1. Does the stretch 182-191 contain any residue that is surrounded by fewer than 20 Cβ atoms within 10 Å (Cβ to Cβ) and in contact with a Lys or Arg (Cβ under 9 Å, 6 or more places away or on another chain)?
2. When you scan the stretch 141-159, do you find a residue that is among the basic types (Lys, Arg) and surrounded by 17 or more Cβ atoms within 10 Å (Cβ to Cβ), even just one?
3. Can you name the condition, by its number, that Glu74 falls short on among (1) assigned to a strand (DSSP E or B); (2) within 13 Å of Glu30 (Cα to Cα)?
4. Would it be correct to say that Ala138 is assigned to a helix (DSSP H, G or I), surrounded by fewer than 18 Cβ atoms within 10 Å (Cβ to Cβ), of a type in the set (A, V, I, L, M, F, W, C) and assigned by TED's automatic domain parsing to the domain that holds Ala211?
5. Of the conditions (1) in a helix (DSSP H, G or I); (2) surrounded by fewer than 18 Cβ atoms within 10 Å (Cβ to Cβ); (3) in contact with a Pro (Cβ under 9 Å, 6 or more places away or on another chain); (4) not charged (D, E, K, R), Thr94 clears all except one; give me its number.
6. Condition check: part of a loop (DSSP other than H, G, I, E, B) and either on the phi > 0 side of the Ramachandran plot or surrounded by 17 or more Cβ atoms within 10 Å (Cβ to Cβ) (or both). Does Arg105 satisfy that?
Amino acid sequence: MIGRPLVLQIDMGDGLARKSLAEQVYELLERAVVQGQIPPGTRLSEEAIGAAFAVSRSPAREAIAELELKGLAERLPNRERRVTVPSEIFIRDTYGVWILLESERLFMASTVAEPELVASLEEQVDRIEALTPRGSAAEISAAVTAFHTDLQRGCPNKQLHRITGDWNLYIRWLRRLYFDYDAEATERGISDHRSIVECFKQRSRPKLFKAMRKHVEWQRDLVLEGWRKSNAAWLVETGGMLEFRLTGRADIPVGPLG
């Protein structure tokens, strides 16, 4: 009968379960990998991870499998698994996708942006510039993050916003590993940010794409420069691995879970 309410009978058992041990271990591992605490090439042993988090091998195995599914872990020919070692192709492809996603997200956000937001963005760029001579790297990084967050948040396409946010995981990881945000890089970033805000103000998709491509490709090239100076190329070529070590920290709690 049309309009008749749908009745669902669902066996809830003991109610909604909290996060499983495997999910907790995965979230901690993902955070440690993205923050660079577990470097690329680190062997992901079920025994070592289980010991580090005081869990059995089963949740450790599930967490490693999820890392592999996410692309943060990779399997070698000998069936060993390690934290993914980014290759030059991986870095170029990652930033190539980022240009497409972020340019469109910013354009869509610009179409609904209020004048107050644009004024706030301009003020934030001024603040970053004022911080540059005297501010710490952490202060500058926080100001840049706040700027990008405000720039992106108004995107009316929620699916695009979510997908681009998910992809940002890889950008944050690569930046943490290989990007050196020194005074020169900060100065270049400020110039690029001013151009992006101007294109954002004009609500021009072609101009935003051009400005974002210039900005992102500059970052990509700095990341590649840092990658070449690291031992990443050697690990890619040899399939070498590092020893897994993880010590407790305030932002990465380690200890019995559950």
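The values are calculated or read from the model by the stated rules, or taken from the named source; none is laboratory data. Predicted model only: the values in this text are computed from it and were never measured. No Cβ is skipped: glycine too gets one built from the backbone with ideal geometry, and neighbour counts run over all protein chains shown.
1. No; the residues of the stretch 182-191 include none that is surrounded by fewer than 20 Cβ atoms within 10 Å (Cβ to Cβ) and in contact with a Lys or Arg (Cβ under 9 Å, 6 or more places away or on another chain).
2. Scanning the stretch 141-159 turns up no residue that is among the basic types (Lys, Arg) and surrounded by 17 or more Cβ atoms within 10 Å (Cβ to Cβ).
3. (2)
4. Taking the combined requirement at face value, the residue satisfies it.
5. Going through the list (1) in a helix (DSSP H, G or I); (2) surrounded by fewer than 18 Cβ atoms within 10 Å (Cβ to Cβ); (3) in contact with a Pro (Cβ under 9 Å, 6 or more places away or on another chain); (4) not charged (D, E, K, R), Thr94 breaks only (2).
6. Details: part of a loop (DSSP other than H, G, I, E, B): no; either on the phi > 0 side of the Ramachandran plot or surrounded by 17 or more Cβ atoms within 10 Å (Cβ to Cβ) (or both): yes.
No; evaluated as a whole, the condition is false for this residue.
Table: residues versus (1) within 22 Å of Glu122 (Cβ to Cβ); (2) assigned by TED's automatic domain parsing to the domain that holds Leu29; (3) modelled with pLDDT of 95 or more.
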{"residue": "Gly165", "(1), (2), (3)": "no, no, no"}
{"residue": "Arg172", "(1), (2), (3)": "no, no, no"}
{"residue": "Tyr181", "(1), (2), (3)": "yes, no, no"}
{"residue": "Thr186", "(1), (2), (3)": "yes, no, no"}
{"residue": "Gly189", "(1), (2), (3)": "yes, no, no"}
{"residue": "Ser195", "(1), (2), (3)": "yes, no, yes"}
{"residue": "Cys199", "(1), (2), (3)": "yes, no, yes"}
{"residue": "Lys207", "(1), (2), (3)": "yes, no, yes"}
